[in-house]
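Chemist: Handing you a structure now.
Where a number appears in this text, it was derived from the coordinates with a stated rule and is not lab data. Keep in mind that what you see is a predicted model, and the values were worked out from it rather than measured. Don't worry about glycine lacking a Cβ; one is built from the backbone with ideal geometry, like all the others, and counts go over all protein chains shown.
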């Protein structure tokens, strides 16, 4: 499980050789001291690490792994503190459900003319990792393998990304998703067999009724509604034609949606905007609440897309913050893409040099009692990653990722929806062709920075295909 501050929890399995308990009685203690003195402090920024000492027998390895399982660890980091024979670790590593990563490292950084036999004994885990990797492969145990030293620049990067992926996949396995309304008729790229989703990704889902949404909105506390409307005015650049009644209607539906999300303990949600127009009592569409809930870490998918809700939640756990989005228009001249949607984008990702405009749609997209308000969020410029979770041939899951940049663009005064420009690395034409050829859906997610290594690791842990375009 992840810790309260969002970091992964990792069990460190340090292996040594039983023979050294007789021939070099202080060797194990020295290697454990190195772990506590240097390794654990180095790992502290990226994970909470559980280390109870080295194991040198089959029984001790099984006990250490069981301890990590009971503690709710997200992953198991295996280190060869000396050489250790692979067969003492194979049974426990084969039976555990924890993701396994073998870290080939040592205390010594260089070998010079002063190299001694003692140093060699203290730093000879590499051939133990080769022994272990061989038997794990032969035993059908999935594992990752990383070679790095603490003094390497970025030496912990691969480990940190694997830990983040393991924690995010664990959360996805336990995730609860909600759908309000029904999937948009005819949109096939997110058509879903929910039994398949539960049986493979593990996500639990629940249907939420429009009637409950309407009832909760009507029953919202007047003080809470007025307070939330005032918060909108303080936090956002509210357009002059937006009325107090429209702000309060949006506040009512935010109160309603939050209540539904909190009662069910949801990690992500989706709704279908057409459904809101089917009950004449509906105050408005919750574009603003969806954008704000994304800003608090919830996954979201438009048009009743449970897959997008799961995918944006996953990306947000891998590399927060993340937002649901969609490629709307191609800027051939600028070699970029316009990302947008009807009213939903993670407002926590908004550029910081101005307030986010809060506007009313001049034309309702579905009949509601009040006009529909939207936060015209434009994302902060800089490196970014697009990622899509989808189903490929044979109902196999796949993650599609591309790196690029969010450009310095917007907000445009004439736009009533979130929008930004994303420039993929390379030619936009080649990207779009490759994305479509890989089965990329029209709903995706975006985060800041380069998250491709984390996404690739997550795909491996999910048993999903990884496509980089």
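Chemist: Please give the length that would be gained between residue 218 and residue 148 if that part of the chain were fully extended, namely 0.36 nm times their separation in residues minus their C-alpha to C-alpha distance (nm, one decimal).
Modeler: Stretched fully, the residue 218-residue 148 segment lengthens by 19.3 nm.
Chemist: So what does log10 I(q)/I(0) come out to for the range 9-171 at q = 0.13, 0.16, 0.20 Å⁻¹, using the Debye formula with one equal point on every Cα and no solvent?
Modeler: Each listed q corresponds, in turn, to -0.57, -0.88, -1.43.
Chemist: Report the antiparallel proportion of the DSSP beta bridges in the chain as a percent, rounded to a multiple of 5.
Modeler: Expressed as a percentage, antiparallel bridges in the chain total about 50.
Chemist: Determine the relative contact order of the range 163-216: mean sequence separation of Cα pairs under 8 Å and six or more apart, normalised by residue count, in whole percent.
Modeler: 50 percent
Chemist: Label point 7 Å out from residue 18 along Cα-to-Cβ: which residues of the range 86-100 have amide N under 20 Å?
Modeler: 86-95
Chemist: Pull up the DSSP beta bridges for the range 222-374 and report the antiparallel fraction as a percent, rounded to 5.
Modeler: The antiparallel proportion sits near 55 percent.
Chemist: May I ask you to sort 415, 342, 349 by Cβ crowding, counting other Cβ atoms within 10 Å and putting the fewest first?
Modeler: So the residues, fewest neighbours to most, are 415, 342, 349.
Chemist: Could you check the spin-label model distance between residue 137 and residue 333? Points 7 Å from the Cα along Cα→Cβ, value in nm.
Modeler: Result for the modelled spin labels: 5.4 nm.
Chemist: Quick one: grab the alpha carbon gyration tensor of the range 24-103, order the square roots of its eigenvalues as a ≥ b ≥ c, and give me rounded if a/c is under 1.5, else prolate or oblate depending on whether a/b is larger than b/c.
Modeler: oblate
Chemist: Given axes a ≥ b ≥ c from the Cα gyration tensor, I'd like to know whether the range 395-455 is rounded (a/c under 1.5), prolate (a/b larger than b/c) or oblate.
Modeler: Working: a/c = 1.82, a/b = 1.70, b/c = 1.07.
Prolate shape, in that a/c is at least 1.5 and a/b is the bigger ratio.
Chemist: Next up: Could you grab the relative contact order for the range 230-342? Cα pairs under 8 Å, six or more apart, rounded to a whole percent.
Modeler: 19 percent
Chemist: Please arrange 378, 433, 116, 390 by how many other C-beta atoms lie within 10 Å of their C-beta, fewest to most.
Modeler: By the 10 Å Cβ count, ascending: 116, 433, 390, 378.
Chemist: Tell me what the chain gives for mean residue ellipticity at 222 nm when only DSSP H runs of n ≥ 4 count, each as -39,500 (n - 2.57), the sum divided by the residue total, rounded to 500 deg cm²/dmol.
Modeler: Value at 222 nm, helices only, nearest 500: -10500 deg cm²/dmol.
Chemist: Give me the number: length gained by fully extending residue 436 to residue 59, i.e. 0.36 nm times residue separation minus the C-alpha to C-alpha distance, one decimal in nm.
Modeler: 130.6 nm
Chemist: Starting from the Cα-Cα distance between residue 414 and residue 124, subtract it from 0.36 nm times their residue separation and give me the gain in nm to one decimal.
Modeler: Using 0.36 nm per residue and subtracting the Cα-Cα distance, I get 97.9 nm.
Chemist: Here is a further query. With a/c under 1.5 counting as rounded, go ahead and sort the chain into rounded, prolate or oblate using the C-alpha gyration tensor (a ≥ b ≥ c being the square roots of the eigenvalues; past the cut-off, prolate if a/b is larger than b/c, else oblate).
Modeler: Verdict is prolate for the chain.
Chemist: Under 8 Å for C-alpha pairs, at least 6 residues apart: give me the relative contact order for the chain, rounded to a whole percent.
Modeler: 13 percent
Chemist: Further question on the same structure: Of 443, 149, 127, how do they rank once you tally other Cβ atoms within 10 Å and put the fewest first?
Modeler: Fewest to most other Cβ atoms nearby, the residues stand as 127, 149, 443.
Chemist: What residues of the range 298-329 lie in the reach of a label at residue 279, counting those whose backbone N is under 18 Å from a point 7 Å from the Cα along Cα→Cβ?
Modeler: Zone members listed by number: 303-304.
Chemist: For the pair residue 192 and residue 366, what calculated FRET efficiency results from E = 1/(1 + (r/R0)^6), where r is the Cβ-Cβ distance and R0 = 25 Å, to the nearest 0.05?
Modeler: 0.65
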